[in-house]
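This report concerns only the one structure given below.
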Amino acid sequence: GRARLREGLAALRDARFRAVAGGYFGHCWELYAVWTLTPFLVGREIARLTASPALIPWLAFGVIALGAVGCVLGGRLSRRLGSLPVARGALVASGLICLGYPLLAEASPWLLLTLLGVWGLTVIADSPQFSALAAANAPRAHVGSTLAVMNAIGFSLTLPGIWLTTALWASQGPWAVWWLLPGPALGLWALRRSSPRDEPA
């Protein structure tokens, strides 16, 4: 009830947990909207190639499914480097693709489809790392309520990103993805100074 909500929100007073939560919130703003836009972006390139529209769902699925590979690779890297560098690296990579994609909108469709694949790989790679970091930096006595509140806020942030980009797609096309750029940018800003723990204290 309200007590659990207060416990979860109280964790945001801690600078380390607040940094992790901020990174996660930025990640959420971008992730689900990218997945929603993927069929639109794939469809645009398929149309430019004058290929069969029947390829769109398969290629869109492939782009999204590459995220599983990204999570596995991110997990392996985190064993050597730690979760924080992997989370930051994934945010940087997905943010750079978000920035560059509209600027390359008239490049080869094959290049853009490849870029979409890399985006699918990196946009989710930080998700398990943020979960691990959140669990490691949440107050020991209130881990459950803290993570529940963080996840609830994160998932609520997916809705405006999805709504905004899909609503603007018809008028802005690939430029609509720039509305997602604040996600990785603010996520990286949140992580800029604090050094969250990779392991529970």
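The values are calculated or read from the model by the stated rules, or taken from the named source; none is laboratory data. For clarity, every value in this text was computed on a predicted model and none was experimentally measured. Ideal geometry is used to build each Cβ from the backbone, glycine not excepted, and the neighbour counts take in all protein chains shown. Quick note on the areas: whole protein, heavy atoms, side chains included, nothing else; ligands and nucleic acids left out. Shrake-Rupley method; radii C 1.70, N 1.55, O 1.52, S 1.80 Å.
Only one of the listed residues (TRP169, TRP179) is surrounded by 15 or more Cβ atoms within 10 Å (Cβ to Cβ), under 21 Å from GLY22 (Cα atoms) and aromatic (Phe, Trp, Tyr). That residue is TRP179. For segment 75-88, the set of residues classified as within 18 Å of ASN137 (Cβ to Cβ) and not in a loop (DSSP other than H, G, I, E, B) consists of SER78, LEU81, SER83, LEU84, PRO85, VAL86, ALA87, ARG88, listed by residue number. A count restricted to segment 50-71 and to residues that are open to solvent by 10 Å² or more (accessible area, probe 1.4 Å) and either touching a Phe, Trp or Tyr at 6+ places or on another chain (Cβ under 8 Å) or part of a helix (DSSP H, G or I) (or both) stands at 14. Residues of segment 95-131 that are assigned to a loop (DSSP other than H, G, I, E, B) and closer than 19 Å to VAL63 by Cα: LEU104, ALA105, ALA107, SER108, VAL123, ILE124, ALA125, ASP126.
Taken together, the residues in segment 132-148 that are assigned to a loop (DSSP other than H, G, I, E, B) and farther than 15 Å from GLY23 by Cβ amount to 1. Taken over segment 182-197, the residue count meeting the criterion of being exposed (fewer than 14 other Cβ atoms within 10 Å of the Cβ) and either at pLDDT 95 or above or small (Gly, Ala, Ser) (or both) is 1. Kindly establish whether ARG88 is within 22 Å of GLY144 (Cα to Cα), open to solvent by 70 Å² or more (accessible area, probe 1.4 Å) and of a type in the set (Lys, Arg). So ARG88 fails the test.
For THR146, the conditions (1) touching a Gly at 6+ places or on another chain (Cβ under 8 Å); (2) open to solvent by 60 Å² or more (accessible area, probe 1.4 Å) are fulfilled apart from (2).
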